[in-house]
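The next block holds one structure in the form of structure tokens; read it before the comments.
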Amino acid sequence: MIAAKKVEFGDFQTPLELSSEITAFLRDNGESPSVVVEPTCGLGSFITATIEAFPNTHDFYGFDINLQYVAELGRNLNQRNGRHYHIECKNFFQIDWSHFLSGLSGNLLVIGNPPWVTNSALGLLESKNLPEKTNFQGRNGFAAKTGKANFDISEWMLIKLLEALHPKKACLAMLCKTATARKALRHAWLNNLHVGKCSLHLIDAKKHFNASVEACLLVIHTGVVEKEPKAFVYTDISFRDKLSTFGITGRELVADIDEYLRLRDIDGVPYYKWRSGVKHDAASVMEFTKQGKSYINGINEQCDLESKYFFPLLKSSDLANGRLSPERFVLLTQKKPSDDTLVISTKAPKTWEYLVRHASSLDQRRSIIYEKRPRFSIFGIGEYTFSPWKVAISGLYKNSRFQVIGTFQKKPIVFDDTCCFISCQSEDEARFACELLNSDICQQFLRSLVFFDAKRPVTIDVLNRIDLKRVADRLHRQKEARKFLSDAAGFDDKQPLLVFEAKGKYTDRRIISKNSRHLLDRLTRPRKTVSANLPSAYIIPRKRTKIPA
Ligand SMILES: C[S@@+](CC[C@H](N)C(=O)[O-])C[C@H]1O[C@@H](n2cnc3c(N)ncnc32)[C@H](O)[C@@H]1O
């Protein structure tokens, strides 16, 4: 219970040693606040450290939801004279930050360590420690349902503070996960908030908070306008060792902005549609190992079932570690999302009986994507799942190597939903695409985009940015590109045709469907730093278009 409360309120107090190191660093780099605010002050580690570091600060404000902490901090501060301490028990989400912060004058330092807890963890705890509107990043319904709308409440808090602070000169210095720092900056940059001199200073979260997560001190100055939206990452709480510079291009963050700019012509058309593997949310009953002819499920039941609905399965760990001969099998109850699962009862009665026996696990799957779908439905399947050849990568590992995957025991190998893949029609095509993807140039491009400390570094969104035609151009493999990429995406619902001829012929918008127009617009939008940046190919829907001679 106590542990759950700690999680709910992200209640991990900062050791004074760390807060003192941070305040000394800020002081040594020119901060000299007249007012300090610690929005979720707890026992006041940062208030205490700023009192020591900044003798000229006259006002200290501290707020926390925990009455005991506030009372204890108030008692301790009463013994210190000559300065003004305003310590109150308040819920962050109920404070009008714009009103409060705009009323403060003088040099302002907002410092602290907001709670590191995600809204989904709070959901499991049935906690109300959340802002009123949780879909604040405006994710669409599907993203919200599939967890893309998951966020740390500290992200929400940082954004609120930045929105309130940005019209005035101030320094924000907060401990948070590095992923949270990036998301808060992304929001500030995309919303043109006045932020600048942004830096992340990595800390050892294991040592200070016993947390296995990448974390940092995020420093942002507000009330300044910087030409380029970028932030510098340093190895520790200093400006000595710079690791990288990330920033935003278009609407997305890139992990290494200089490297990205060097390779940005590869950022283009996704010739294939990248997919995630199968989602079923019931591994213990849907995934099996095999012993002889029997399938053994995750609760160690030996199941004598028809093999019709079983497919060899690879997971992220298999792909990342090069274990490409499947040892697991997954029960795929559908070939496409609209399939009626009841047919299993006649085509494979033992399998149907097994599913009914385990209906309690399957019917209780929490995700609402299964609502209003046939019973025992799965997700992330289509014609592409059953293609004979694929090129796949693990979404979860720092390893960015792609693998060619074929069939096993005469069945196409499938992946779980932590993997990303493209479907190919032949082994030659898969090997060619895989060579391009594993080439140095493509790997460098991926590394410039991907934050490998993220929970899921390699995403469909990132992979969709790789223009394989341009990679092939760089590697002087245009002939094979013409052969294979013209037929790429053959497993997609709307099959595109890639035209490799001179670009001028195809810019007549009358022959381009409405659906493709946005893509063409994206392709032809001028880029700032690259001159030869017009698209090497356009996608035109196969059925509708006559290709000019
Ligand atoms: C990671 S601790 C940091 C405490 C302190 N700032 C420090 O650095 O030691 C997070 C603090 O946020 C407080 N907190 C959690 N939810 C809050 C909310 N909605 N409003 C105000 N404080 C909250 C917790 O009580 C806890 O003291």
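The values are calculated or read from the model by the stated rules, or taken from the named source; none is laboratory data. Here the structure is a predicted model, which means the values were calculated and not measured. As a convention, Cβ positions derive from the backbone with ideal geometry for all residues, glycine included, and neighbour counts pool all protein chains shown.
Just one of the numbered conditions (1) touching a strand residue (DSSP E or B) at 6+ places or on another chain (Cβ under 6 Å); (2) within 30 Å of Asn113 (Cβ to Cβ); (3) surrounded by 21 or more Cβ atoms within 10 Å (Cβ to Cβ) is not true of Val278: (2).
Among residues belonging to the stretch 322-340 that are under 16 Å from Lys279 (Cα atoms) and polar (S, T, N, Q), point out the one that is surrounded by the fewest Cβ atoms within 10 Å (Cβ to Cβ).
Here the answer is Ser338.
Determine which member of the set Lys279, Lys347, Lys336 is closer than 23 Å to Pro388 by Cβ, modelled with pLDDT under 95 and over 25 Å from the mean Cα position of the chain (by Cα). So that I can check it myself, show each step before the final result.
Numbers: Lys279 fails: over 25 Å from the mean Cα position of the chain (by Cα); Lys347 fails: modelled with pLDDT under 95.
Step by step, each of Lys279, Lys347, Lys336 is checked, and only Lys336 is closer than 23 Å to Pro388 by Cβ, modelled with pLDDT under 95 and over 25 Å from the mean Cα position of the chain (by Cα).
Test Lys469 against the criterion of being buried (at least 19 other Cβ atoms within 10 Å of the Cβ) and out of contact with any Asp or Glu (no Cβ under 8 Å at 6 or more places or on another chain), and give yes or no. In short, yes.
Quick one: which residue in Ile405, Ile344, Ile413, Ile381 is more than 16 Å from Pro312 (Cβ to Cβ), buried (at least 22 other Cβ atoms within 10 Å of the Cβ) and either in contact (Cβ under 8 Å) with a residue 12 or more places away in the chain or among the hydrophobic types (A, V, I, L, M, F, W, C) (or both)? It would help to see each step written out before you state the result.
On the way: Ile405 fails: more than 16 Å from Pro312 (Cβ to Cβ); Ile413 fails: more than 16 Å from Pro312 (Cβ to Cβ); Ile381 fails: more than 16 Å from Pro312 (Cβ to Cβ).
Within the list Ile405, Ile344, Ile413, Ile381, the selection yields Ile344.
Here Ala53, Ala24, Ala3, Ala71 are screened, and the one residue that is in contact with a Lys or Arg (Cβ under 7 Å, 6 or more places away or on another chain) and either at pLDDT below 95 or aliphatic (A, V, I, L, M) (or both) is Ala53.
Contact map, the stretch 5-23: first residue of a type in the set (Phe, Trp, Tyr), second residue assigned to a loop (DSSP other than H, G, I, E, B), Cβ cut-off under 7 Å, separation 6 or more or different chains; pairs are Phe9/Ile65; Phe9/Asn66; Phe9/Pro115; Phe9/Asn129. Checking Ile248 against (1) touching a Leu at 6+ places or on another chain (Cβ under 8 Å); (2) within 30 Å of Ala481 (Cβ to Cβ), which test does it fail? Of (1) touching a Leu at 6+ places or on another chain (Cβ under 8 Å); (2) within 30 Å of Ala481 (Cβ to Cβ), only one is false for Ile248: (2). Considering the stretch 44-59, the residues that are farther than 16 Å from Gly106 by Cβ and out of contact with any Phe, Trp or Tyr (no Cβ under 6 Å at 6 or more places or on another chain) include one that is surrounded by the fewest Cβ atoms within 10 Å (Cβ to Cβ), namely Glu52.
Picking from residues in the stretch 147-172 that are of a type in the set (A, V, I, L, M) and in contact with a Gly (Cβ under 8 Å, 6 or more places away or on another chain), the one that is modelled with the lowest pLDDT is Ile153.
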